[in-house]
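The values are calculated or read from the model by the stated rules, or taken from the named source; none is laboratory data. Predicted model, so just to flag it, every value in this text is computed and none were measured. Cβ coordinates were reconstructed from backbone atoms using ideal geometry, including for glycine residues, and neighbour counts include every protein chain displayed.
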Amino acid sequence: MKDKIANISRRNFVKGFALSGLVLAVGLPGLSTAAEAKQYGRDGMPHGWVDNPLVFVSIAEDGTVTIVAHRSEMGQGVRTSLPMVVADEMEADWAQVKVVQAYGDEEKFGNQDTDGSRSVRHFFMPMRNVGAAARMMLETAAAALWSVPVSEVKAMNHKVVHEASGRSVGFGELAQSASKLPVPERESLIYKDASDFRYIGKSDMKLADGEVIATGQTEYGMDIRLENMVYAVVAHPPAYGDTLASYDDKETLNVPGVIKTLTLPSSAPPAVFNPLGGVVVVAENTWAAIQGREKLKIEWKAGPNSDYESAAFREKMQTSANQKGGKVLRQLGDSYQVLEDAEATISADYYIPHLAQAPMEPPVATAYFKGDSCELWAPTQAPQASRDTVAKWLELKPEQVKVNVTLLGGGFGRKSKPDFLVEAALTSKALGGKPVKLVWTREDDIQHSYFHTVSYEHLQAAFDENGKTQAWLHRTVAPSIASTFDASSVHQMPIEIGMGVVNIPFSIPNIQLENPAAENHTRIGWFRSVSNIPHAFAVQSFISEMAHQQNRDHKALLLELIGDDREIDPRMLRDEWNYGESPEQYPLNTGRLRRVIEHVTETANWGKSLPEGQGQGLAAHYSFVTYVAAVVEVKVSDDGEVSVPKVDISVDCGPQVNPERIRSQVEGACIMGISLAMLGEISFKDGVAVQNNFDGYQVSRMNEAPAEINVHLMPANSYDDPLGGVGEPGMPPIAPALCNAIFAATKKRIRNLPIRYQLEA
Amino acid sequence: MKLTINEQVHELNAPDEMPILWALRDVLGMTGTKFGCGKSLCGACTVMLDGNPIRSCVTPVKAAENKSITTIEAISEQKTGQAIQNAWIENNVPQCGYCQSGQIVSATALLNANPQPNDEDINNAMSGNICRCGTYNRIRDAIKQAANKLEADHEG
């Protein structure tokens, strides 16, 4: 990775566009416009966006076009999807494109915080700008070469051609002269017509990294090797907030290959991205370090969370969720009165335990402290936050810290938190500047995640004599991610209640939404699709329960609750967040939600008759400004074993840039959704996560995957429509659709996840 | 100790009980084989030992003495391995890709033993390999495609 970046810089300086200088204006409209105006979308992200071709593109004389991927690749395909937008718009031949990964530097590249299903949504347009500007510079250079008007030449598939004279010249030959030209003004850019796209919107794009992955040649964070590098693992405090009292490393130092031990400081709450502290074992190889750690004799001082116990905490949440009151999030009419007066009411509680992201590559970072600077190589979703946090801990300036972003062996939110980079940097410094690879074992990963919250949802509804829903009450209880940044936070943040609590688009005359307090006892973080998991599970299960009680078809009731096609300003729903997007550009469109429901039910042949022990379940959820509906078909055996013959998922994410990767993301989200519903559970005892590897913390394997997953993408009108997110929105409807299907098959209602053995007779 | 890896003999200076995984990765610098769990639970570290798929994270190097280890780096030298790799690329199987070295080695071993596996055979052979991204359906499709391709080549 080090070499690759170095090569690129060289090419940039020597052969590429960069000859004309790298310091041209970058697109930071977030900073240049009035500070008082609220910024949305890519403008509202830290460091905004950059669309300077000199930053993103370089062309070698042999014609190789190198495109920078500035967002982290963790399986969502961003190293394919964004560079191919540049390639398409600049008329580069994808076969002659090389993708290189940016290091962490948001001032240079724009926002790099790879989460929130934002990469393509926010950077499709800036990458089109990059490609269009590069293409126009190449065309201008060719026109000058032939002394013809630029209007007579056209870039086509890695060449610029002059049709009138039949002349053509390759991009490589134009690189030198094009690089000396000014970058065209953004306002003057001419875009390709969508009908001329070669790659954008096409379903046959091959992965930028497909071949190197299949041949084992990739370089993940775990694969970094530097000269004279040593290896380290950390014995972390067992419970969050425990601290080191004393330790004895005599036996550790006797393990062949162990070099030494040292300690890391623990930090007081809030957790933020700080290291947990503990004892580091440094060795000549990872295995020796792990062996050495096992021989440590450590006394820990119990902290404030050492009695955290999941069953007891669940009871506490249950009590809060069943008591009137708590912070009122939204109130329409008088749900309490209507519920009291109604002839028919229904009530149900839903529980989801903590979850760990458990990416297949555990956290790992390599650091090389050099006195007045530090260089790191790590699979991080947050390169700039990594840089800033490491700098703070080393008492360096961010510009003295370089974070090289490797491929990520999965992320799912865990690798947004750079605590493991800080551990590596502090260890390298403590070793007097020796390069060190600090590896988290699977046990570290599962026991010391920034866990998905634990949640308890209480719902009630009231019906009139015609079966029309008249009142809705939802109390949502869960420790908030906010507590990771402010230890006193006990209420869910706008980003959490905006994930399917307040922004439910239901035409119900009385709505009461409340959020009783819940304190945190571990590090709470974001996990793919975040609070949409519990909220969609509760809401979409509850509507199925309502339908059953009222003897209605689930789909019919769901559509009735959604009501007429309309665009709802999210602020009217007390959703002040709206996934960071403009409420005008991204209203909640109930027609789009209806369409995915109608589409998926039609495709899945909703309501078809199935043999005993089989059933269909439906769920629909709006998240990350994308609309998704799913029908899951299950088969439950006599002894309660669940299998999934088929899942249909209809997705309206607006314009589709790389449909093939959209499909793969939705397929993956489906399996992760089934995984968490069937098996997912982290529970605490004495403040410690009980599960510590894939035996205790189980995830779905191939035999548990659906036999068939059909992803249906709803066409958009044009590429000018606003884009929706893709990586996360596929997941929230899966668990409720699965449990609704199980109910249809067995009449057993699952309200507590995971399902695990609940269906056994 | 001498270890035969991908038909090359390597002189290894490591304790007998060191797992093959760490000998490959940290001592010999062959990082294609991945660390996932350290307990034979996820399959990311799968290599072949005398042609049989094993979890290198729990198999000591001593057990490989006088035997032959095949890793992802050389799997393409087997006809089945190459067919599997091609099918992986063709079907865009990987997402993050981290588990795929192990998946490919397991899939190659499956086709070596059973040239036309059905769904159940595939599930049985592949359920030891976790993919957190959820590429299972594409893996299944790719295995079948590779099997059909190999059969067609054989008949052709």
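In segment B:108-128, is there at least one residue being small (Gly, Ala, Ser), out of contact with any helix residue (DSSP H, G or I) (no Cβ under 9 Å at 6 or more places or on another chain) and part of a helix (DSSP H, G or I)? No, there is no match, as no residue in segment B:108-128 is small (Gly, Ala, Ser), out of contact with any helix residue (DSSP H, G or I) (no Cβ under 9 Å at 6 or more places or on another chain) and part of a helix (DSSP H, G or I).
Scanning segment A:382-412 for residues that are within 16 Å of the chain's Cα centre (by Cα) and crowded, with 24+ Cβ neighbours inside 10 Å yields A:382, A:383, A:407, A:408, A:409, A:410, A:411, A:412.
Here is the figure for segment A:540-589: residues that are of a type in the set (Gly, Ala, Ser), surrounded by fewer than 18 Cβ atoms within 10 Å (Cβ to Cβ) and over 14 Å from residue A:467 (Cβ atoms) total 2. Among residues belonging to segment A:673-722 that are in contact with a strand residue (DSSP E or B) (Cβ under 6 Å, 6 or more places away or on another chain) and of a type in the set (S, T, N, Q), point out the one that is farthest from the other protein chains (Cβ to nearest Cβ). This residue is A:691. Among the residues of segment A:679-696, none qualifies, meaning not one is under 25 Å from the mean Cα position of the chain (by Cα), surrounded by fewer than 24 Cβ atoms within 10 Å (Cβ to Cβ) and part of a helix (DSSP H, G or I).
Criterion applied to A:674, A:742, A:709, A:682 was being at pLDDT 95 or above and within 27 Å of residue A:200 (Cα to Cα), and the one residue passing it is A:709. Scanning segment A:333-383 for residues that are closer than 30 Å to residue A:432 by Cβ and not basic (Lys, Arg) yields a total of 21.
The set of residues from segment A:227-275 being of a type in the set (Asp, Glu) and either closer than 22 Å to residue B:14 by Cα or part of a loop (DSSP other than H, G, I, E, B) (or both) comprises A:227, A:242, A:249, A:251. The residue pairs whose first member lies in segment A:313-340 and is in contact (Cβ under 8 Å) with a residue 60 or more places away in the chain, whose second member is among the charged types (D, E, K, R) and in a helix (DSSP H, G or I), and whose beta carbons are closer than 6 Å, counting only pairs six or more residues apart or on different chains, do not exist in this structure. If you go through segment A:502-535 and keep only what is within 14 Å of residue A:332 (Cα to Cα) and assigned to a loop (DSSP other than H, G, I, E, B), you end up with A:502, A:503, A:504, A:505, A:506, A:507, A:508, A:509. Of the residues making up segment A:198-226, those that are in a helix (DSSP H, G or I), closer than 18 Å to residue A:97 by Cβ and within 7 Å of chain B (Cβ to nearest Cβ) are A:210, A:211, A:213.
If you go through segment B:18-54 and keep only what is more than 16 Å from the chain's Cα centre (by Cα) and either polar (S, T, N, Q) or farther than 29 Å from residue A:699 by Cβ (or both), you end up with B:27, B:28, B:29. Report yes if residue A:661 is under 26 Å from residue A:497 (Cα atoms), among the basic types (Lys, Arg) and out of contact with any Lys or Arg (no Cβ under 8 Å at 6 or more places or on another chain), otherwise no. It is false that residue A:661 is under 26 Å from residue A:497 (Cα atoms), among the basic types (Lys, Arg) and out of contact with any Lys or Arg (no Cβ under 8 Å at 6 or more places or on another chain). Among the residues making up segment A:503-539, those that are of a type in the set (Val, Ile, Thr) and either out of contact with any Lys or Arg (no Cβ under 8 Å at 6 or more places or on another chain) or surrounded by 24 or more Cβ atoms within 10 Å (Cβ to Cβ) (or both) are A:504, A:508, A:522, A:524, A:530, A:533, A:539. Just one of B:95, B:103 is within 7 Å of chain A (Cβ to nearest Cβ) and either outside any helix (DSSP H, G or I) or in contact with a strand residue (DSSP E or B) (Cβ under 9 Å, 6 or more places away or on another chain) (or both); which is it? Going through B:95, B:103 in turn, just one is within 7 Å of chain A (Cβ to nearest Cβ) and either outside any helix (DSSP H, G or I) or in contact with a strand residue (DSSP E or B) (Cβ under 9 Å, 6 or more places away or on another chain) (or both): B:95. Just wondering, is there one or more residues in segment A:278-297 that are free of Cβ contacts under 8 Å to residues at least 40 places away in the same chain and touching a Gly at 6+ places or on another chain (Cβ under 7 Å)? No; the residues of segment A:278-297 include none that is free of Cβ contacts under 8 Å to residues at least 40 places away in the same chain and touching a Gly at 6+ places or on another chain (Cβ under 7 Å).
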